[in-house]
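Read the structure below first, then the notes.
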Amino acid sequence: MTSSALKLVGCKNFVRVNPMSDAFECVKFHHVEFWSGDATIAASRFGVGLGMSLRCKSDASTGNGRFASYVMKSNDLVFAFTAPYNVESDVDVAGAANVEDVGHPGHDAETMVTFFKRHGFAARAVGLEVADARVAYEAAVRRGGRGVLEPVELKHEKDDGCVRGRQIISEVELYGDVVLRFVSTHDGFNGDYLCNYVATPEVPQVSYGLQRLDHAVGNVHNLLETVEYIMNFTGFHEFAEFTAEDIGTIDSGLNSMVLANNNEFVLLPVNEPTFGTKRKSQIQTYLEKNNGPGLQHLALKTDDIFTTVREMRKYSFMRGGFDFQAPASDDYYRKLKDKIGDALTEEQYALVEELGLLVDKDDQGVLIQVFTKPVGDRPTLFLEIIQRVGCMRKKPETNELEQAAGCGGFGKGNFSELFKSIEAYEKTLKI
């Protein structure tokens, strides 16, 4: 892949082809890790806001004096929240000689503090489950990936000193200060995150129905340059694309390309801002407030968006959860049935309007979606809650039914409404 070969053609001209070109065996998303100023507060906020439960931890109570890290989970959705204890004393309280003993060998306090000063609360790592993290790292670096953490083997030891499985982890730069983290599991390790995180089985389990991470979206200055870099080191292929003409408002817009692995359950959209419009693109606003490229939003998949959003709304407005963007216009909902047809029932159309959801479709299925406002003080990271309808197929190995990845698209028909909501929100900020 060369720069001259990679071009934006727009949604209408794009033809989806899966060349099965992965440079290493990639299975699915494994986790997302956020770096923050206080891991306890961040984890608690997402626990309340999204219906996630604490599954394991690494902190001073487990012998880790370097950082506090709490892992929240809902079904296959895994978020880790990490913050350093003390930049001046980067040793663990148990005096462990090996940094692997505290859960992650790449977490030094100075790096975490510098990251937080620059970006505020933000995603540091997009974790991928791969067959072998050593092989993945070597292939990625050989193909031009910028290495951040060379492969490290972690061993999970119980109190009796016996090893109960191991993992290999490694990291390559994705964009900005965000890394793509490769995780492979070996010898029967069945923990929820990384070796030597301590399970918290006594914690009550809650769920609002979130199932897994559907896609992780990055904002960058130069789309083609970034996409070429990622495609080169991963072998991922282009899954979809949109230009400003496809999705922009009269005020601002973006260009976007979506990358996917072979099985297309790892979806990585990448956005860039467009210029020459009445106001600054909201992608450019992100880049300025984040101090550079980073992860803009995470799409979280549910099988019942009505129940999930109802539960989330109970905790909005400073009650511990997340606020949602303003709903679409009355005209949007009046025209929605003509646009979507009988894919939804009358009751579902009523719930869509009641809850302020958006609906779009492609030639394969239907997408129902809603977006939160930024999750922190800066107008940067936000969340998307989605349900995909249709596109059921049989797994070749088991004949069980599964939903094809990306069913219903990415809401191209709703981008204009989304941009209007984001632009309206940004106008309330005196910055």
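The values are calculated or read from the model by the stated rules, or taken from the named source; none is laboratory data. Remember, it's a predicted structure, so these values are computed and weren't measured experimentally. Because the Cβ atoms are built from the backbone with ideal geometry, glycine has one as well, and the counts that use them run over all protein chains shown.
Of all residues in segment 209-225, those satisfying the criterion of being of a type in the set (S, T, N, Q) and either outside the structural domain of Leu254 (by TED's automatic domain parsing) or in a strand (DSSP E or B) (or both) are Gln211, Asn219. Just one of the listed residues (Gln364, Gln348) is surrounded by 11 or more Cβ atoms within 10 Å (Cβ to Cβ) and at pLDDT below 95, namely Gln364. Selection of segment 31-57 for residues being more than 23 Å from His119 (Cα to Cα) and part of a strand (DSSP E or B) yields Ser53, Leu54, Arg55, Cys56, Lys57. The condition of being at pLDDT 95 or above and either surrounded by 17 or more Cβ atoms within 10 Å (Cβ to Cβ) or farther than 23 Å from Leu355 by Cα (or both) holds for only one of Leu383, Leu401, that being Leu383.
Scanning segment 267-290 for residues that are buried (at least 22 other Cβ atoms within 10 Å of the Cβ) and over 20 Å from the mean Cα position of the chain (by Cα) yields a single hit, Ser281. If the condition is being aliphatic (A, V, I, L, M), under 15 Å from Ala131 (Cα atoms) and touching a Pro at 6+ places or on another chain (Cβ under 8 Å), then segment 167-203 contributes Ile168, Ile169. A single member of Asp377, Asp360 is in the same structural domain as Lys337 (by TED's automatic domain parsing), closer than 30 Å to Val15 by Cβ and either out of contact with any Ser or Thr (no Cβ under 8 Å at 6 or more places or on another chain) or β-branched (Val, Ile, Thr) (or both), and it is Asp360.
The rows are residues; the columns are (1) closer than 27 Å to Ala131 by Cα; (2) buried (at least 22 other Cβ atoms within 10 Å of the Cβ).
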site: Arg16; (1), (2): yes, no
site: Ser21; (1), (2): yes, no
site: Phe29; (1), (2): yes, yes
site: Glu33; (1), (2): yes, yes
site: Asp38; (1), (2): no, no
site: Arg55; (1), (2): yes, no
site: Phe67; (1), (2): no, yes
site: Val71; (1), (2): yes, yes
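Within segment 142-154, being more than 23 Å from the chain's Cα centre (by Cα), in a loop (DSSP other than H, G, I, E, B) and among the charged types (D, E, K, R) holds for one residue alone: Arg143. Only one of the numbered conditions (1) outside any strand (DSSP E or B); (2) crowded, with 22+ Cβ neighbours inside 10 Å; (3) of a type in the set (Gly, Ala, Ser) is violated by Ala139, and that is (2).
Hand me the list of strands (runs of 3 or more DSSP E) wholly inside segment 364-406 holding 2 or more residues that are closer than 30 Å to Phe116 by Cβ. Hits in segment 364-406: 365-371, 382-390. None of Val152, Val91, Val99 is in contact with a Pro (Cβ under 6 Å, 6 or more places away or on another chain), β-branched (Val, Ile, Thr) and at pLDDT below 90 except Val99.
Taken as a whole, segment 205-213 holds at least one residue that is surrounded by fewer than 20 Cβ atoms within 10 Å (Cβ to Cβ), of a type in the set (Val, Ile, Thr) and either closer than 29 Å to Glu402 by Cα or at pLDDT below 95 (or both). Kindly indicate whether Val178 is of a type in the set (Val, Ile, Thr) and within 30 Å of Asn255 (Cα to Cα). Against the criterion (of a type in the set (Val, Ile, Thr) and within 30 Å of Asn255 (Cα to Cα)), Val178 qualifies. Just one of the numbered conditions (1) among the hydroxyl-bearing types (Ser, Thr, Tyr); (2) touching a residue at least 40 places away in the same chain (Cβ under 8 Å); (3) touching a Ser or Thr at 6+ places or on another chain (Cβ under 8 Å) is not true of Ser281; which one? Condition (2) is where Ser281 drops out.
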